[in-house]
Structures are given as structure tokens and as C-alpha cells.
1. I need the full set of residues from the stretch 186-211 which are in a helix (DSSP H, G or I) and closer than 20 Å to residue 170 by Cβ, in order please.
2. When you check residue 176 against the structure, is it among the β-branched types (Val, Ile, Thr), in contact with a Pro (Cβ under 7 Å, 6 or more places away or on another chain) and over 24 Å from residue 329 (Cα atoms), yes or no?
3. Has the stretch 253-274 got any residue that is of a type outside the set (Lys, Arg), within 17 Å of residue 92 (Cβ to Cβ) and surrounded by 13 or more Cβ atoms within 10 Å (Cβ to Cβ)?
4. Could you tell me whether the stretch 275-285 includes any residue that is in contact with a Leu (Cβ under 9 Å, 6 or more places away or on another chain) and surrounded by 14 or more Cβ atoms within 10 Å (Cβ to Cβ)?
5. Condition test on residue 180, is it at pLDDT 90 or above, assigned by TED's automatic domain parsing to the domain that holds residue 267 and charged (D, E, K, R)?
6. For residues in the stretch 211-230 being without any contact (Cβ under 8 Å) to a residue 40 or more places away in the chain and closer than 20 Å to residue 139 by Cβ, which is surrounded by the fewest Cβ atoms within 10 Å (Cβ to Cβ)?
7. Working carefully through the options 140, 149, 155, find the one that is in contact (Cβ under 8 Å) with a residue 60 or more places away in the chain, of a type in the set (A, V, I, L, M) and assigned to a helix (DSSP H, G or I).
8. Identify all residues within the stretch 206-258 that are among the β-branched types (Val, Ile, Thr) and either touching a Lys or Arg at 6+ places or on another chain (Cβ under 6 Å) or over 10 Å from residue 154 (Cβ atoms) (or both); write none if there are none.
Amino acid sequence: MKAVKLKGSGEPRDVLTLSDIDKLPPPNGSNVVVHIRKRAVHPADYQTIRGFLPADVFAPGGIPGIDGVGVVEAIGPDVDPASEISVGTRVIVYHAHATWAERVAVPASSLMPVPDDIDDAVATQLATNGITAVMLLRAAEQETEGRKAPLLVTAASSGVSRSIIALGRLKGHEVIGLVRRDADAAGLAEQFDKVPVIGTDRANWPDAVKAAAGQPPVVAIDAIGGEMMPALLGLLTPGGTLVTYGALDGRPSPIHSGFVTAFELTIRGCSAMGWATRTPPEQRAADFAALFDLVRRAPHLFAGYREFALADVVEAIAAAEASPRRGATILVSP
């Protein structure tokens with residue numbers, strides 16, 4: 001079978017090849033073999049390829065990929081019949097590795113059946129991005145202690161952030177979105193009625209946030225890191241929390257501990273991997289159910305994706321890294 005192989009770290013065109021690999025053996029125990037049809041290209045993927053993240057964590061065995069959507073081809077003898085996982089079931093694969101291969105072997109607990117009315121391309125966007133949005137909103141609500149305080153969300157045009165905004169609005173939260181360029185703000189604002197969207201290329205963008213918020217945000221949700229983190233901390237109310245889940249800016253963040261201490265600020269990291277390992281099965285099912293409902297309510301949030309064959313992985317990564325972001329980038333295989 002075919003798989004995208006990573007040989008060292010560097011520019012994708014120099015270190016990625018589409019290769020033939022050995023066929024997977026029949027699954028044992030509670031494992032399942034899934035024929036992956038579609039998988040998303042995430043920042044964690046191309047940051048691993050370039051050497052910014054450890055390959056032994058994100059691409060063990062030299063095959064990238066952390067999620068996907070496909071069809072169950074074989075199940076191990078110990079798979080629980082009550083799991084609704086059987087041969088032919090269409091599933092989301094999450095908390096996985098090596099999904100840039102045509103087939104993967106994963107525990108049945110890393111699968112979620114996909115409803116018939118959710119197509120593969122949309123389901124692919126829920127596996128990591130959607131779940132990350134649910135997890136981040138839950139973390140933000142824990143920090144706000146139930147108050148409907150304004151939430152400040154960076155990388156607002158990304159799939160994760162658009163889902164955070166939509167889910168937050170459904171729960172009654174006020175949300176302010178930040179994008180890289182003010183010129184891109186209008187297009188995003190059209191998707192969300194009465195959500196201020198501000199470009200950080202404005203010289204006075206922090207003042208614009210303060211004016212839009214009316215009061216200092218209690219929580220900022222950030223995928224950028226780097227130089228953005230101290231600016232976000234400076235906008236929070238005393239005792240506020242910066243929830244971080246990415247590092248699109250790979251530079252170190254110049255955060256002064258005295259400032260964090262004086263204003264009793266908290267920096268909290270969240271990851272989809274942590275969600276998968278700590279969340280009980282019932283809550284995982286409920287979280288995906290909330291995402292399936294969001295798709296039905298707001299299908300436009302998941303449109304505009306681009307698909308590339310596995311053989312065109314280099315072009316796919318270039319599209320995923322392009323700015324401004326214009327929907328998910330998906331690798332497909334027959």
C-alpha cells in the first residue's frame with residue numbers, strides 16, 4: 001500500500017516521498033484496520049516535517065498524519081460489539097498516527113462512527129479541528145466560571161477558530177476575532193453576524209479590541225504564540241487566562257514573569273491529544289454529537305476546503321501554509 005514517508009526534516013519537497021509500504025497484518029485485540037479516504041493537513045504536520053516538532057511524537061515510523069476519515073476493513077477479536085464498530089462502518093479516526101498512509105491500525109477507542117448525513121470531507125475537519133474547538137471552549141468556560149464574558153480568539157479565519165466562534169455564539173458568548181490582516185477581516189465578519197473581527201496589522205489593534213470588548217476579556221484563546229502572547233496577556237482582565245493550543249509563530253514568547261505575577265494571570269495549554277486520553281467515552285461521544293449538530297446548523301463553516309491526492313502532498317502543504325487561510329486542506333486516497 002502507499003504512504004507518504006518522511007526522511008529527515010526540511011522543506012517538504014526535499015524530505016517527503018510517496019512510497020510503497022508493507023500491507024498491515026490482521027488486527028489483534030481491540031484494534032481495527034481502517035482504509036483512510038481523507039485526512040487533514042494540520043500545522044502540526046508541516047511543523048513536524050520542518051523539524052519544529054518532534055517526529056517521534058507526531059510521525060513515528062516516518063509517516064505523518066494524526067487523523068482521518070475512512071471505512072473499517074477488519075476488526076480484532078476483542079472489539080466490543082456495543083461500540084457500533086464493525087466492518088464497513090464509516091468512521092472518524094482521531095488520536096492516531098501515520099494516517100498519511102492508505103490504511104492504519106488503531107484501537108477501536110480512537111474511532112467515532114460518522115452519521116450518514118455528514119460527508120467525508122466535512123467529517124475530516126471535525127477529527128482534530130472540531131474537537132479542539134469544543135475542548136478550548138470548555139476550557140474557556142471553566143476559566144470564566146459560567147460568566148458570559150467576551151472571548152478573544154486569534155487565527156480567527158482558521159477552522160478551529162471559526163468553530164469556536166460558532167459554538168460560543170450558540171452558547172451566548174460574545175466573541176472578538178483576530179486575523180493577521182485587516183483586509184481579511186470583512187470576509188470573516190460576513191460569516192458571523194455582530195462578531196467584531198480585527199486585523200493585527202493595525203497599528204492600534206489592541207485599542208480596537210478594547211473598544212469592541214467594552215470590558216477586558218477574561219479569556220484569550222491563542223494558536224499563534226510568539227510575539228502575540230504578551231500582547232494578549234496585556235489585554236486580559238486581572239486574573240484572566242490565556243488558553244494556548246498552537247505555535248504558528250515558532251519564535252519564543254517574550255513574557256515577563258513579573259507582569260504575569262502582578263496581574264495574577266494564567267497561561268493554560270490544551271491539546272486534542274490530551275482530550276483524547278483524559279475524556280471519558282461518553283463525553284467524547286457527546287462532543288462529536290455537538291459537532292455533528294454544528295455542521296447541520298452552519299454547513300457554510302466547513303465549505304471551501306481543497307483536496308489533493310497523496311501524491312501531491314507537497315502542493316497540499318503549500319496550500320495549507322498559504323495566507324489568508326481559505327478552508328481546510330485535505331489529502332485524499334482511493
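1. Step one: filter the stretch 186-211 for residues in a helix (DSSP H, G or I), giving 186-191, 205-211.
Of everything in the stretch 186-211, those that are in a helix (DSSP H, G or I) and closer than 20 Å to residue 170 by Cβ turn out to be 188, 189, 190, 191.
2. On the way: among the β-branched types (Val, Ile, Thr): yes; in contact with a Pro (Cβ under 7 Å, 6 or more places away or on another chain): yes; over 24 Å from residue 329 (Cα atoms): yes.
So residue 176 fits the description; yes.
3. Our first condition is that a residue be of a type outside the set (Lys, Arg); within the stretch 253-274, this holds for 253-267, 269-274.
Add one more test, that the residue is within 17 Å of residue 92 (Cβ to Cβ), and what stays is 272-273.
Within this subset, residues satisfying the condition of being surrounded by 13 or more Cβ atoms within 10 Å (Cβ to Cβ) are 272-273.
So far as the stretch 253-274 goes, yes, one or more of its residues are of a type outside the set (Lys, Arg), within 17 Å of residue 92 (Cβ to Cβ) and surrounded by 13 or more Cβ atoms within 10 Å (Cβ to Cβ).
4. Within the stretch 275-285, the first condition is being in contact with a Leu (Cβ under 9 Å, 6 or more places away or on another chain), and the residues that meet it are none.
No, the stretch 275-285 contains no residue that is in contact with a Leu (Cβ under 9 Å, 6 or more places away or on another chain) and surrounded by 14 or more Cβ atoms within 10 Å (Cβ to Cβ).
5. Yes.
6. 216
7. Values: 149 fails: assigned to a helix (DSSP H, G or I); 155 fails: assigned to a helix (DSSP H, G or I).
Within the list 140, 149, 155, the selection yields 140.
8. Kept after step one, since they are among the β-branched types (Val, Ile, Thr), are these residues of the stretch 206-258: 209, 218-219, 221, 224, 237, 241, 243-244, 255.
Once the filter is applied, which keeps residues that are among the β-branched types (Val, Ile, Thr) and either touching a Lys or Arg at 6+ places or on another chain (Cβ under 6 Å) or over 10 Å from residue 154 (Cβ atoms) (or both), the stretch 206-258 yields 209, 218, 219, 237, 241, 243, 255.
The values are calculated or read from the model by the stated rules, or taken from the named source; none is laboratory data. Bear in mind that the values here come from a model prediction, so they are computed numbers and not experimental data. Every residue, glycine among them, receives a Cβ derived from its backbone with ideal geometry; neighbour counts consider all protein chains shown.
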